[in-house]
Amino acid sequence: MECEHMEEKDRGRAFLFSKYYGFIDNEDEDGDYQIYSDGSGYYHGSDGSEAQIYSDGSGYFHGADGSEAQIYSDGSGYYYGADGSEGHIYSDGTGRFRGADGSTGHRNSDGSGYFEDEYGDTVRYDSYSERENESNASEEKDFVSCITEILLDAAFKAGAAAIKNGVAKAKEQARQEEAEQLEAQRIEEERKQEKYAEQEKKKERRKKRIKAMFLNKKKLDFSYSTNQLVGKNVNWVVEKLEDAGFNNCKPIAIKDIYPGINKFVGEVEQVVVDGQSWVEAGEPVPYDAEIIITFHTKKEFAFPYSKHMMLNMGYKTLANELVDIGFTQIYVSRLEDLKTGFLKRENSVSDVVIDGIETIRSGMMLEYDSEINIQYHAFPGR
């Protein structure tokens, strides 16, 4: 791209009012220029023009068209255009320009002034300080604009990240909801299958009883001897007998299991069929015969207090009393909440929770190994 260079009147105007007297044409895209931190610099124009600025403020310009300019270290200088234009700057900062086309310019000592082109259009210039302020304001504006752009970009990226994170969370939530829905469907399907299986069992059991009623005077073959059922799990025994068609099974618990007792929970102790403790395998038995199945389970004790009755008791007294009754799983913990000990006594019970249950009634039956947690008031650090 060929660059259009300054006209003489524009160079004259720049000579009077620009920072580097128009010596450096920074709009010459194909030219080369450099400004250093000490104020010096150079310019090599694409048309062959050249200029040099020194650190003391002096410098020169040689135009490819024959124009030339010179600035001295005291600030004075001149400009002669190839078309006959001329300009002068004096050491006090004042200056003037007269263009060959009739344009004129005048500069005051503070750098303010005016420039009137050949058509009579006038451009006025502020003083150096005002232009410097405007320049600073422009730089500040550019800085603010830059910061704003950075912040907006950061906000956009943060927003994009938030959106991405939100989308990821939404997807994860959707996956969780889908998984929960599938799990609920699976549980419901299992429930339906279990219900169907139970219904089929009941149908099969009824068929056996109906068959026994019409063909065998209500009698069914007892599949096991009573002795074979002893020592088995009570639930297994009941299920086997009911599957065989018997419909009057009565499990009765013997609450005797305690540390030192060699029995497991649910272990069958005895099976009595219509009052008989011994029945042979295969022996015909009416399907509605009373079958009493005794089995072992954990020993129980009556809890002696309600929660209200235990509050403010000494925790050691309560714990020892519960041990004497037969409870085996008792735990105590400190609540370091005392300051004076006037309203609440040290070592008095503040709360009792049994197997995670806080509602405690006097006389309620509890298994011997129920977890009993006793919390008591204490001074911090004691």
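None of the figures in this text is laboratory data; all of them are computed from the coordinates on show. Just so it is clear, the structure is predicted and the values come from calculations on it, not from any experiment. All Cβ positions, glycine included, derive from the backbone under ideal geometry; neighbour counts span all protein chains shown.
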Taking only C-alpha pairs under 8 Å that are 6+ residues apart, what is the relative contact order of the chain in percent?
-> 8 percent
Where is the GNM fluctuation largest for the chain (alpha-carbon springs, 10 angstrom cutoff): 175, 206, 361?
-> 361
Taking the Cβ of residue 378 as the center, what net charge do the other residues with Cβ under 14 Å away carry, scoring Lys and Arg +1 and Asp and Glu -1?
-> +2
Equivalent ellipsoid semi-axes, the chain, via Cα gyration tensor eigenvalues times 5, rooted, Å = 114, 36, 16
Mind sorting 33, 125 by how few other Cβ atoms lie within 10 Å of their own Cβ, fewest first?
-> 33, 125
Check cross-link reach from residue 157 to the lysines: straight Cα distance under 16 Å, and skip same-chain residues fewer than eight apart.
-> none
Compare the peptides 177-190, 316-329 by average per-residue count of other Cβ atoms within 10 angstrom and give them in order, highest first.
-> 316-329, 177-190
The lysines whose Cα lies under 19 Å from the Cα of residue 344, excluding any fewer than 8 residues away in the same chain, are 307, 316
Summing +1 for each Lys or Arg and -1 for each Asp or Glu, what net charge is found among the other residues whose Cβ lies under 15 Å from the Cβ of residue 269?
-> +4
Take the alpha carbon gyration tensor of region 219-298, find the square roots of its eigenvalues, order them as a ≥ b ≥ c, and report rounded if a/c is under 1.5; if not, report prolate when a/b exceeds b/c, else oblate.
-> prolate
Tell me, 313, 365, 213 in order of fewest to most beta-carbon neighbours within 10 Å?
-> 365, 213, 313
Summed side-chain charge close to residue 188 - residues other than residue 188 whose Cβ falls under 15 Å, Lys, Arg +1, Asp, Glu -1 | -1
Would you mind checking the pairs 240/298; 217/255; 192/232 and listing those with alpha carbons more than 26 angstrom apart?
-> 217/255; 192/232
Please work out how much length the chain gains when fully extended from residue 153 to residue 110, using 0.36 nm per residue of separation minus the C-alpha to C-alpha distance, in nm with one decimal.
-> 11.2 nm
What is the extension gain from residue 358 to residue 179, computed as 0.36 nm multiplied by their sequence separation minus the C-alpha to C-alpha distance, in nm to one decimal?
-> 61.0 nm
For region 300-312, Karplus couplings with θ = phi - 60° (6.51, -1.76, 1.60), whole Hz, Gly/Pro x = 10, 10, 7, 6, x, 9, 7, 4, 4, 5, 7, 4, 6
For region 8-125, what percent of Cα pairs sit more than 18 Å apart?
-> 48 percent
